[in-house]
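The values are calculated or read from the model by the stated rules, or taken from the named source; none is laboratory data. Quantities reported herein were computed from a predicted structural model and do not represent experimental measurements. All Cβ positions, glycine included, derive from the backbone under ideal geometry; neighbour counts span all protein chains shown.
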Amino acid sequence: MILNGLRRSLSSLIGAIFRKKKDVRIGLYGPVNSGKTTLANKICMDWIGEQLGKVSIIPHETREIQTKESVTIKDNGKSLTFNLVDTPGIATKIDFENFMKYGLKRRHAKQRAKEATRGVIEAIKWLDRMDLVLVVLDSCVDPLNQVNITILGNLDARNIPFIIIANKVDLKKSKASRIRGAFPNYKTVGISAKTGFNIEELYSSVIETL
């Protein structure tokens, strides 16, 4: 009896030592050119001193899932370690001719459109792996569009926690209040990923949510 109890205790102890803790994943989702990678770079630079991805004015610069592991943020004595996941911009239609407006040759534009389409599909597949999603929206653009509503609807349906980021508040055309008004039932944080304005509130909200 005592021996069996010791065996059970020893088994539990070994299991606790070798059981891998579930990695926390925070995903950046949103429409094209809303500033997801700029925000990812800001978070990574603040806490690990290196960037995550390349930023460009050409749509769909990020066409593959990009991750940075073991990012630890801190706020008011609390900390959170997670894997940051930057995803390709979500779009309902990707036309190669749009890339040609930025100077890309027809062959390169078609290739970029093909890669971007694959990236959108991959981003959607990754959604169920997320413990928290930061939905990055451009506060200079009307938020009531098919892409934004689809993203938020999917998160709601899957019961995935999320925070709406009203990005680019440093620009004159910005109207973060328009995003809050469009989605009043969800938490919204206004920031500038480029300048770092109000980024501390975002860190606090992320730790609080998780």
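The table below gives the values:
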quantity: Where residue 170 falls short, out of the listed (1) surrounded by fewer than 17 Cβ atoms within 10 Å (Cβ to Cβ); (2) at pLDDT 95 or above; (3) within 15 Å of residue 30 (Cα to Cα); (4) not aromatic (Phe, Trp, Tyr); calculated: (3)
quantity: Candidate set from segment 75-100 (those that are over 16 Å from the mean Cα position of the chain (by Cα) and within 19 Å of residue 147 (Cα to Cα)); member that is surrounded by the fewest Cβ atoms within 10 Å (Cβ to Cβ); calculated: 93
quantity: Whichever residue in segment 183-197 is over 17 Å from residue 40 (Cβ atoms) and free of Cβ contacts under 8 Å to residues at least 40 places away in the same chain and, among such residues, is surrounded by the most Cβ atoms within 10 Å (Cβ to Cβ); calculated: 188
quantity: Residue match in segment 30-50 (condition: more than 24 Å from residue 209 (Cα to Cα) and either in contact with a strand residue (DSSP E or B) (Cβ under 6 Å, 6 or more places away or on another chain) or free of Cβ contacts under 8 Å to residues at least 40 places away in the same chain (or both)); calculated: yes
quantity: Filtered residue count, segment 170-205, keeping only those that are β-branched (Val, Ile, Thr) and touching a Leu at 6+ places or on another chain (Cβ under 8 Å); calculated: 3
quantity: Filter result (part of a loop (DSSP other than H, G, I, E, B) and either at pLDDT below 95 or touching a Ser or Thr at 6+ places or on another chain (Cβ under 7 Å) (or both)) within segment 81-99; calculated: 88, 89, 91, 92, 93, 94, 95
quantity: Matching option when the condition is surrounded by fewer than 17 Cβ atoms within 10 Å (Cβ to Cβ) and within 15 Å of the chain's Cα centre (by Cα), among 57, 65; calculated: 65
quantity: Test set (1) hydrophobic (A, V, I, L, M, F, W, C); (2) farther than 17 Å from residue 163 by Cα; (3) in a helix (DSSP H, G or I) - residue 127 fails condition number; calculated: (2)
quantity: Test for residue 155: is it within 16 Å of the chain's Cα centre (by Cα), closer than 26 Å to residue 46 by Cβ and surrounded by fewer than 14 Cβ atoms within 10 Å (Cβ to Cβ); calculated: no
quantity: Filtered residue count, segment 91-127, keeping only those that are without any contact (Cβ under 8 Å) to a residue 12 or more places away in the chain and either of a type in the set (Gly, Ala, Ser) or touching a helix residue (DSSP H, G or I) at 6+ places or on another chain (Cβ under 7 Å) (or both); calculated: 3
quantity: Residue in segment 141-159 that is under 21 Å from residue 52 (Cβ atoms), touching a Ser or Thr at 6+ places or on another chain (Cβ under 9 Å) and in contact (Cβ under 8 Å) with a residue 24 or more places away in the chain present; calculated: no
quantity: Filter result (surrounded by 13 or more Cβ atoms within 10 Å (Cβ to Cβ) and either basic (Lys, Arg) or within 23 Å of residue 30 (Cα to Cα) (or both)) within segment 101-117; calculated: 109, 110, 111, 112, 113, 114, 115, 116, 117
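A quick yes/no check of all residues on (1) farther than 25 Å from residue 66 by Cα; (2) modelled with pLDDT of 95 or more:
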residue: 103; (1), (2): yes, no
residue: 114; (1), (2): no, no
residue: 142; (1), (2): yes, yes
residue: 161; (1), (2): no, yes
residue: 177; (1), (2): yes, yes
residue: 184; (1), (2): yes, yes
residue: 191; (1), (2): no, yes
